[in-house]
Amino acid sequence: MGITSKPVVFAILSAAVILIGTTVTVFIPLFMPSTQPVSAYIKPYTAVEQEGRDIYMREGCNNCHTQTVRPLRTEVLRYGEYSKPEEFAYDRPFLWGSKRTGPDLNRVGGKYPDSWHYTHFKRPQGMFEKSNMPPYFWLAKNRLDTSYSFKKTTVLGYGYTEAMVKQQLEEYRAKVADENYPSKESRNVVTPLELRKELTEMDALVAYIQKLGRDVKSMETNQ
């Protein structure tokens, strides 16, 4: 009698073979360096940018905006160079998405000044009349909670010390609170007087948006 005449044994052996095959062809390659490319030009998010990314996910922005430019002529012409694997080395989780209610944001960093984003978050329809994006002016009324910033960057493996995280937060706070900040007027429109010297959730969100794609642009410039 062959193994095919023993259904239970056959089922167990079949499951074992499938499991081994799946492990060898799928899971093991996931941990190989060749499947996790990293470029020296791609830098981890700063503590402020990571806080902004968390707010971006919390508010469900990734439900309407993808962050991946496909290698299609129409996409490249509209959004810029197509997405590369190495630029997502620090994205946990990645936010590629599959639905574009709004435009793709993977190359939006540096496209507009900070003032544009403060005005846009305040009232999207003021920038695009037919936009169905809700306003996010209230984010400027929330002081940014940084109590877990260092823990986040540690868990994500960014390699920052606690002192470095504090410095990043302080430097960005000083930047947006400075009287010579180029986007001071637009920021003051949405930020309450008592929070203008502090970091707000909107400040962090703007920092994250301005990060998107900027490292890749530097990488392409130096190649």
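Every number in this text was worked out from the coordinates using simple rules, so none of it is lab data. Just so you know, these numbers come straight off a predicted model, no measurement behind them. We place every Cβ from the backbone using ideal geometry, glycine too, and count neighbours over all the protein chains shown.
A 20 angstrom limit on the alpha carbon distance is what I want to check against. Which of Lys166/Lys197; Lys43/Lys152; Lys43/Lys122; Lys43/Lys166; Lys141/Lys184 exceed it? Intermediate values should be presented prior to the final figure.
Values: Lys166/Lys197 16 Å; Lys43/Lys152 16 Å; Lys43/Lys122 29 Å; Lys43/Lys166 18 Å; Lys141/Lys184 16 Å.
Correct reply: Lys43/Lys122.
Grab the Cα-Cα distance for Ala15 and Tyr112, subtract it from 0.36 nm times how many residues apart they are, and report the gain in nm with one decimal.
Length gained between Ala15 and Tyr112: 29.5 nm.
Compute the longest continuous run of the chain that contains no exposed trypsin sites (Lys or Arg not before Pro); treat a site as exposed when its DSSP state is not H, G, I, E or B and it has at most 12 other Cβ atoms within 10 Å. Please list the in-between numbers first.
Values: sites that count: Lys99, Arg100, Lys130, Lys197.
With trypsin sites (Lys or Arg not before Pro) excluded where exposed in loops, the chain gives 1-98 as its longest stretch.
Between Tyr148 and Glu162, how many nm apart are label points set 7 Å from Cα along the C-beta direction?
1.8
Among all stretches of the chain without exposed GluC sites (Glu not before Pro) (DSSP loop, at most 10 other Cβ atoms within 10 Å), which one is longest?
Details: sites that count: Glu129, Glu179.
Looking at the chain, 1-128 is the longest stretch - no exposed GluC sites (Glu not before Pro) with at most 10 other Cβ atoms within 10 Å.
Out of residues 5 or more away from Thr200 or on other chains, whose amide H comes under 5 Å of its own, with H placed 1.01 Å from N in the peptide plane?
Leu144
What chymotrypsin sites (Phe, Trp or Tyr not before Pro) does the range 145-212 have in DSSP loop regions with at most 14 other beta carbons within 10 Å?
Working: sites: Tyr148, Phe150, Tyr158, Tyr160, Tyr172, Tyr208; in loops: Tyr148, Tyr158, Tyr160.
Loop-located and lightly packed - Tyr148.
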